Amino acid sequence: MSSDGGFSARKFSRHFPGQFNRFYVWGKASTDPLYPAIYETLKDIETPLLDVGCGMGLLAFYLREMGWTEAIHGVDIDAKKIAIALQVARHFRGPLSFESVCASDPLPPHSGSVTLLDILQYLPTSERLKMLRGCAERVAPNGRLIIRTGVQETNWRGRVTILMDRVGNGIGWITSRAHEHPTLAEIKEPLAEAGLVGEFTPLWGRTPFHNWLGVFRRKDQDPSAPPAA
């Protein structure tokens, strides 16, 4: 058991088909600080969630394990991972849906919170700006936009992050080839133009990766006010 309210990464991983997938899920759920951080951000926010680049649905299923019951819709370009997410969703209650979309397709209609995790480096600059603007447009007044990304750096964490992006693509786990990681300014500028404010903080935890987590909200929302129901 972990300290996350009795959450067990090993038990959680058993929902997924295949030994490789179970090992991957167990490793991510055991070591990646991303999932607890997102839960802490969303736990009191009552808006549906659009999970962009959802993969096998790890975030959605983690939030369900932790008791978050709002509707979650995940989209990803990898149809095989979406098929796994749809299979695993049978084990969980509450509104969960997943669909495969092309990178060039517009995001589905949505108003609520949005997560955009670990995919900006796989988009060329023009597509990256389009994605950020599309996500920003879908953030409700009481919602959040949560972004996790690697950042352009020449330190050892930056080099490890780039290497693992290439390895993931090379073994076929990631279907897209990685481009350069963005700078934080390149992410924040289009979000500010779309009326969102927020900050990035380091989020590498026990991992070797140069990952940062950004949480953004509508500029006109009082950050001290409780989320609207």
* **Tally of residues being in a loop (DSSP other than H, G, I, E, B) and at pLDDT 70 or above across the stretch 178-224** => 11
* Matching residues in the stretch 21-34 - criterion: being surrounded by fewer than 22 Cβ atoms within 10 Å (Cβ to Cβ) and touching a Phe, Trp or Tyr at 6+ places or on another chain (Cβ under 7 Å) -> R22
* Structure fact -> Considering the stretch 36-49, residues that are over 11 Å from S113 (Cα atoms) and out of contact with any helix residue (DSSP H, G or I) (no Cβ under 8 Å at 6 or more places or on another chain), and then whichever is surrounded by the fewest Cβ atoms within 10 Å (Cβ to Cβ), we arrive at D44
* Return yes when A83 is under 20 Å from Q19 (Cβ atoms), at pLDDT 95 or above and more than 15 Å from the chain's Cα centre (by Cα) and no when it is not. => yes
* Asked: Taking interchain pairs and intrachain pairs at least six residues apart, which have beta carbon atoms under 9 angstrom, with the first residue in the stretch 133-151 and in contact (Cβ under 8 Å) with a residue 40 or more places away in the chain and hydroxyl-bearing (S, T, Y) and the second surrounded by fewer than 24 Cβ atoms within 10 Å (Cβ to Cβ) and assigned to a strand (DSSP E or B)?
  -> T149/L116; T149/L117; T149/F200; T149/N211; T149/W212; T149/L213; T149/G214
* Mind telling me which of the residues V88, V75, V52 ends up being in contact (Cβ under 8 Å) with a residue 60 or more places away in the chain, touching a strand residue (DSSP E or B) at 6+ places or on another chain (Cβ under 6 Å) and buried (at least 17 other Cβ atoms within 10 Å of the Cβ)? => V52
* Do we find that T69 is closer than 21 Å to G150 by Cβ and surrounded by fewer than 16 Cβ atoms within 10 Å (Cβ to Cβ) in this structure? -> no
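The values are calculated or read from the model by the stated rules, or taken from the named source; none is laboratory data. Keep in mind the model is a prediction, meaning the values are calculated, not measured. Ideal geometry is used to build each Cβ from the backbone, glycine not excepted, and the neighbour counts take in all protein chains shown.
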